[in-house]
1. Restricting the search to the range 16-45, which residues are among the polar types (S, T, N, Q), without any contact (Cβ under 8 Å) to a residue 24 or more places away in the chain and loosely packed, with under 15 Cβ neighbours inside 10 Å?
2. Could you tell me whether the range 50-57 includes any residue that is in contact (Cβ under 8 Å) with a residue 12 or more places away in the chain, under 14 Å from the mean Cα position of the chain (by Cα), within 12 Å of residue 91 (Cβ to Cβ) and surrounded by 14 or more Cβ atoms within 10 Å (Cβ to Cβ)?
3. Sort out which residues of the range 39-58 are touching a Cys at 6+ places or on another chain (Cβ under 9 Å) and closer than 22 Å to residue 84 by Cβ, and write them in order of number.
4. Between a residue in the range 59-72 that is touching a residue at least 60 places away in the same chain (Cβ under 8 Å) and more than 10 Å from residue 90 (Cα to Cα) and any residue that is of a type outside the set (S, T, N, Q) and surrounded by fewer than 24 Cβ atoms within 10 Å (Cβ to Cβ), which pairs come within a Cβ distance under 6 Å, given they are 6 or more apart or on different chains?
5. Test residue 95 against the criterion of being of a type outside the set (A, V, I, L, M) and free of Cβ contacts under 8 Å to residues at least 60 places away in the same chain, and give yes or no.
6. Restricting to the range 48-88, give me the number of residues that are farther than 16 Å from residue 125 by Cα and acidic (Asp, Glu).
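Please treat every number below as a calculation from the coordinates, not as lab data. From a predicted model like this one, the values you see are computed outputs, not experimental measurements. Because the Cβ atoms are built from the backbone with ideal geometry, glycine has one as well, and the counts that use them run over all protein chains shown.
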Amino acid sequence: MDDLLREFLTESAESIAQLDLDFVKLEQNPNDPGLLSSIFRLMHTIKGTCGFLGLPRLESVAHASENVLGKIRDGAMAVSDTAISLVLESLDRIKARLAELEANGAEPEGEDSDIIGRLNDLASGRTVAAPVAEAPVAATPAPACAAPCCRSRGS
């Protein structure tokens with residue numbers, strides 16, 4: 001992994017940690033213009049750096065999230081549970097992609113049209129569809145303990 005990518009991952013981790021704190025503050029003061037601007041700028045920086053480094057998948061998610069944040073910051077959209085939940089979901093997606101990038105040294109294959117589409121719908125004033133739930137994974141029972149104390153109890 002080259003130094004530029006390593007620096008990006010470090011700075012992005014710091015920005016995301018700040019975003020996490022700022023979103024908690026936003027719950028307490030949803031109309032703080034300075035806080036809204038700070039959140040927007042952090043996402044904008046992540047998006048811009050992704051573009052500079054040629055990380056289109058990350059850039060696309062950050063860009064769609066930035067669009068929603070820009071609408072909120074500019075007063076064109078109210079801070080709502082739906083908007084904040086969706087932006088937080090996109091932030092989780094960004095965190096996951098950054099973790100994959102750090103582990104593999106390259107942006108993972110695939111696309112994120114599900115979250116991008118919902119963010120774009122919200123930014124455009126269209127109804128936001130609920131996320132597509134993944135099929136539940138069947139629980140695998142834990143293997144029985146073979147220790148003498150458990151065998152006597154049938155555990």
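1. Here is the first cut: in the range 16-45, the ones among the polar types (S, T, N, Q) are 18, 28-29, 31, 37-38, 45.
Next cut, without any contact (Cβ under 8 Å) to a residue 24 or more places away in the chain only: 28-29, 38.
Correct list: 28, 29.
2. No, that holds for no residue.
3. Here is the first cut: in the range 39-58, the ones touching a Cys at 6+ places or on another chain (Cβ under 9 Å) are 56-58.
Hit for the range 39-58 is 58, nothing else.
4. Sorted first by the residue in the range 59-72, then by its partner, the list stays empty.
5. Numbers: of a type outside the set (A, V, I, L, M): yes; free of Cβ contacts under 8 Å to residues at least 60 places away in the same chain: no.
Judged against the criteria, residue 95 is not a match.
6. Selection size over the range 48-88: 1.
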